[in-house]
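Below is one structure, written out as structure tokens; the observations come after it.
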Amino acid sequence: MNRALPAVRLRVPTDEDALVWHRLFADPDVMEFHGGSPAEVSVYEELTARQRRHDAERGFCLWSLVDDADRVIGFTGAQPWPRDWGPRGDIEIGWRLGREFWGRGYVTAAARQTLERVRAAGVAEVVAMVDSRNTRSIAVTERLGMRLAEVFATPGTRRRGHCYRLAL
């Protein structure tokens, strides 16, 4: 069954969005595949500042995801892979959504906009690194047409990271 995707808007994150992201992502369910515990506000302050720089320099970033009621409900976008393991040098698309907004198609709608924007910025291929147990995010990669290309052992854990790729 194909259902219509919800209307979403992507915008460059503001200083205030750091506080919203902190609140939305304080849920252990949201953080299950992102280290397990909530981050301090300062982490989101640095992250939103870095995303503003990425957008100004590259034309893309992790944008604040805004619903049709003009609420920030998470983020979706792209940035250079930030770690020294995995798909170094690649542009990663990613998403994180407040728990109350799961299961409504927001991430798929926003990720499709992300693909359009990074293609327009001249990016030829994107990756998505997904914890091998994260069935919801794996389903999003499949809806986007991404294919599993590599599997990485996540340093310091027993987890496996699936690297999905998509040529733009």
Looking at (1) loosely packed, with under 11 Cβ neighbours inside 10 Å; (2) charged (D, E, K, R); (3) within 16 Å of residue 99 (Cβ to Cβ), can you tell me which one residue 68 breaks? (3)
Search result, residues across the range 36-84 that are touching a residue at least 40 places away in the same chain (Cβ under 8 Å) and among the basic types (Lys, Arg): 52, 58
Considering only the range 76-95, state which residues are open to solvent by 10 Å² or more (accessible area, probe 1.4 Å) and under 18 Å from residue 15 (Cα atoms). none
Among the numbered conditions (1) at pLDDT 95 or above; (2) under 20 Å from residue 128 (Cα atoms), tell me where residue 85 comes up short. (1)
Scanning for something surrounded by fewer than 19 Cβ atoms within 10 Å (Cβ to Cβ), closer than 15 Å to residue 34 by Cβ, at pLDDT 95 or above and among the hydrophobic types (A, V, I, L, M, F, W, C), does the range 99-110 turn up at least one residue? yes
If you take the residues in the range 140-163 that are under 24 Å from residue 6 (Cα atoms) and within 14 Å of the chain's Cα centre (by Cα), which one is surrounded by the fewest Cβ atoms within 10 Å (Cβ to Cβ)? 144
What number of residues within the range 15-25 are out of contact with any Leu (no Cβ under 9 Å at 6 or more places or on another chain), open to solvent by less than 50 Å² (accessible area, probe 1.4 Å) and under 19 Å from residue 53 (Cβ atoms)? 1
The residue that is nearest to residue 69 (Cα to Cα), considering only those in the range 111-121 that are open to solvent by 20 Å² or more (accessible area, probe 1.4 Å), in contact (Cβ under 8 Å) with a residue 60 or more places away in the chain and not hydrophobic (A, V, I, L, M, F, W, C), is 113
Of all residues in the range 26-42, which are closer than 19 Å to residue 78 by Cα and open to solvent by 70 Å² or more (accessible area, probe 1.4 Å)? 34
Can you name the number of the only condition in (1) under 25 Å from residue 18 (Cα atoms); (2) part of a loop (DSSP other than H, G, I, E, B) that residue 122 fails? (1)
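The values are calculated or read from the model by the stated rules, or taken from the named source; none is laboratory data. What you are looking at is a predicted structure, and each value in this text was computed from that prediction instead of being measured. Because the Cβ atoms are built from the backbone with ideal geometry, glycine has one as well, and the counts that use them run over all protein chains shown. We work out accessible area using only protein heavy atoms, side chains counted, and drop any ligands, DNA or RNA first. Shrake-Rupley method; radii C 1.70, N 1.55, O 1.52, S 1.80 Å.
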